[in-house]
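To start, the structure itself, in structure tokens.
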């Protein structure tokens with residue numbers, strides 16, 4: 001089964017289950033919940049995954065969930081390939097569709113952040129005053145699910161509130177849409193399995209790796225032979241930032257204005273004093289699991305902080321930090337993670353990868369993309385990768401954020417026949433999306449790309465991204481490819497769908 005199928009995989013109706021038959025180490029981030037599916041029940045197409053053996057410190061949790069979602073893809077060939085690993089619950093009763101957000105959900109307030117004449121391509125601006133995402137938004141992870149009679153879009157994204165500039169106040173939230181253009185969002189923490197809003201906060205235990213900030217990287221939908229239900233769960237891979245500063249990197253930070261996590265707001269809400277602009281914190285990859293996309297249980301990895309794995313040894317390309325872990329399900333027992341770090345020896349951002357059989361224990365494979373040629377848009381490196389397997393030709397397509405010699409941010413593309421090696425930039429000296437003109441809402445830079453391949457004969461693509469404008473105001477935008485040509489994207493105005 002290819003990565004595009006994974007991105008739109010489905011979950012079947014779930015009954016009360018003991019979540020892990022063989023429990024794994026975890027930090028509980030939620031309580032038992034019930035979800036009524038927004039999508040009519042259809043035959044599922046889920047990936048099977050075998051979790052590792054139990055840890056002595058682990059304990060089981062119980063979640064009561066009902067979920068039914070159909071993927072955005074033709075699954076005929078995929079079902080033939082994966083019949084041995086997919087275990088759908090064919091005896092489940094269909095559930096009635098319902099609106100997947102509370103009465104308090106609000107449409108995206110684009111006009112509160114930018115002039116309406118300068119919002120070409122903007123689909124999600126800053127939240128309302130004092131909401132959980134009123135100061136910054138970014139890192140969009142967008143998934144499309146098709147039911148028999150309707151479609152549903154989910155967007156997980158990073159947000160920070162203007163009412164709380166302190167470190168550790170960042171969150172990951174969820175917005176929903178019926179077309180991927182007009183989004184419904186919440187102003188606070190989700191309370192039920194039908195709410196939208198903030199869904200994950202920073203870790204509270206002093207020893208964990210995500211006390212300072214969190215950013216979503218990818219959401220995949222997988223089942224496990226260790227889960228006592230033939231049903232899918234959401235696996236969220238994310239970046240967690242601690243208060244520990246990255247080692248041996250201070251000299252480079254002055255040369256290219258290096259930050260980790262990156263902060264863009266310039267109005268004093270985020271400052272060097274409280275752990276924002278100018279800091280280079282150590283970050284590591286994390287994993288959380290959910291059955292409704294709203295209430296999450298963190299899964300502890302092998303690192304003592306709960307992260308999936310640590311930075312590289314001194315002298316290795318990823319010895320400073322690990323960020324943006326984007327995971328692709330290639331086939332049963334073969335998952336690939338693409339992530340970025342800062343290569344101290346080369347002085348640029350670089351993208352590397354790791355491989356796993358179970359999605360939890362990973363083996364690093366090394367760096368696959370470094371800095372571009374002198375004068376190119378990615379001269380100082382590539383970061384924030386998003387990898388999708390093209391349903392048309394089977395090749396792997398990577399959208400990434402390029403860092404220019406002047407620090408400018410643009411989005412470029414690379415392609416590989418197998419997703420492992422031989423990555424080739426599609427256009428060495430050209431970008432597929434750059435910052436808009438002077439009056440645009442994203443005129444200071446674009447990045448954090450998220451590719452979605454649409455249905456249809458032309459195989460149109462959508463590119464969601466984080467844009468930065470005047471005074472560091474951020475928003476989430478969308479561009480559309482010109483037919484199947486992934487090298488040409490255009491921002492749309494009006495969005496009449």
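So here's what we get for this one:
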| quantity | calculated |
| --- | --- |
| Which numbered condition residue 424 fails, given (1) closer than 21 Å to residue 365 by Cα; (2) crowded, with 21+ Cβ neighbours inside 10 Å; (3) modelled with pLDDT under 95 | (2) |
| Among the residues listed as 467, 447, the single one being farther than 23 Å from residue 415 by Cα and either part of a strand (DSSP E or B) or at pLDDT 95 or above (or both) | 467 |
| Residue satisfying all of: in segment 360-375; on the phi < 0 side of the Ramachandran plot and in a strand (DSSP E or B); surrounded by the fewest Cβ atoms within 10 Å (Cβ to Cβ) among these | 363 |
| Conditions (1) part of a strand (DSSP E or B); (2) farther than 23 Å from residue 182 by Cα: number failed by residue 438 | (1) |
| Which numbered condition residue 169 misses (of (1) under 18 Å from residue 239 (Cβ atoms); (2) modelled with pLDDT of 95 or more) | (2) |
| Filtered residue count, segment 276-319, keeping only those that are at positive phi and surrounded by fewer than 20 Cβ atoms within 10 Å (Cβ to Cβ) | 2 |
| Residue among 382, 414 that alone is surrounded by 24 or more Cβ atoms within 10 Å (Cβ to Cβ) and either out of contact with any helix residue (DSSP H, G or I) (no Cβ under 8 Å at 6 or more places or on another chain) or not in a loop (DSSP other than H, G, I, E, B) (or both) | 382 |
| Total residues in segment 335-359, condition surrounded by fewer than 18 Cβ atoms within 10 Å (Cβ to Cβ), in contact (Cβ under 8 Å) with a residue 40 or more places away in the chain and over 20 Å from the mean Cα position of the chain (by Cα) | 2 |
| The lone exception for residue 152 - which of (1) touching a strand residue (DSSP E or B) at 6+ places or on another chain (Cβ under 8 Å); (2) in a loop (DSSP other than H, G, I, E, B) it fails | (2) |
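The values are calculated or read from the model by the stated rules, or taken from the named source; none is laboratory data. Just so it is clear, the structure is predicted and the values come from calculations on it, not from any experiment. No Cβ is skipped: glycine too gets one built from the backbone with ideal geometry, and neighbour counts run over all protein chains shown.
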